[in-house]
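Nothing in this text is a laboratory measurement; each read-out follows from the coordinates by a stated rule. Not measured: the values here are computed from a predicted model. For neighbour counting, all protein chains shown are included, and Cβ atoms are generated from backbone atoms with ideal geometry for every residue, glycine included.
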Amino acid sequence: MPKLSKKGVKWLKGFHLIAVGSWIGGAVSLLALYFLKSNVADGGVLFGINRSIHHVDMNIVVIPGAIGSLVTGLFYSTFTQWGFFKHNWLTVKWIVTLTAILFGTFYLGPWETTMMEISGKIGIASLTDPAYLYNQKMNLMFGTVQVLVLMVTIFISIFKPWKGKKQAK
């Protein structure tokens, strides 16, 4: 497989950093938006916050950033010297990235969608609805964990811990 030039790798790195920044920055923004709900007294406002969270996640920042991170990571592994599993830290990054995308797809996203749907139907009564409160708690708790794990992954990229598989033997 042909490799990218030094200039090509720099462009790829720039796009990768934009995607990662969008993914993590968007996720942090979602967590911040949750705190707008604390003093809400109007069902329309609650639904608006949940709809905004859903829109930022699904359409504008988080999912495009996650997909961009995955695609640029694939390009990095395919078209540079890094490869897919040449170093243990790269293997960890692939596991974290794929796990985060799958967890977001099958858990965080549906919890968020459910909150939006419930608040759209019953408005302010959502704040006492067991299903709404459960989905909100799970999304907030595991969303926070996911953001922290993704931030740790940034430092794994910077420090590149653990010796390469060939060096470790």
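Odds and ends about this structure:
- Residue order, fewest to most surrounding Cβ atoms within 10 angstrom, among 34, 134, 76: 134, 34, 76
- Convex hull of alpha carbon positions in the chain: directionally averaged projected area 10.9 nm².
- Our estimate of slack between residue 80 and residue 41, defined as 0.36 nm per intervening residue step minus the Cα-Cα distance, is 8.7 nm.
- Sum of -39500 (n - 2.57) over DSSP H runs of 4+, divided by residues of the chain (222 nm, nearest 500): -25000 deg cm²/dmol
- Rounded to the nearest 20 debye, dipole of the chain from Cβ charges on Lys, Arg, Asp, Glu: 1420
- Largest-first principal axis extents, alpha carbons of the stretch 53-100, Å: 37, 19, 9
- Using the Cβ-Cβ distance between residue 55 and residue 157 with R0 set to 30 Å, the FRET efficiency works out to roughly 0.55.
- Tilt relative to the chain, helix 88-103 - C-alpha long axis, 0 to 90 degrees, to 10: 30
- Folded to 0 to 90 degrees: helix 6-34 orientation relative to the chain principal axis, Cα: 20
- Residue exposure sequence - 142, 159 - by fewest surrounding Cβ within 10 Å: 159, 142
- Charge tally around residue 31: other residues with Cβ under 15 Å, Lys/Arg +1 each, Asp/Glu -1 each, net 0.
- Residue among 147, 62, 92 with the largest mean-square fluctuation in a Gaussian network model of the chain, springs linking Cα atoms under 10 Å: 92
- Top of 89, 111, 11 by mean-square fluctuation, Gaussian network on the chain, Cα under 10 Å: 11
- Set 7/86; 93/137; 93/121; 10/37 screened for pairs whose C-alpha atoms are more than 32 Å apart: 93/121; 10/37
- For the stretch 67-90, the residues whose backbone nitrogen is under 17 Å from a point 7 Å from the Cα of residue 103, taken along Cα to Cβ, are 67, 70.
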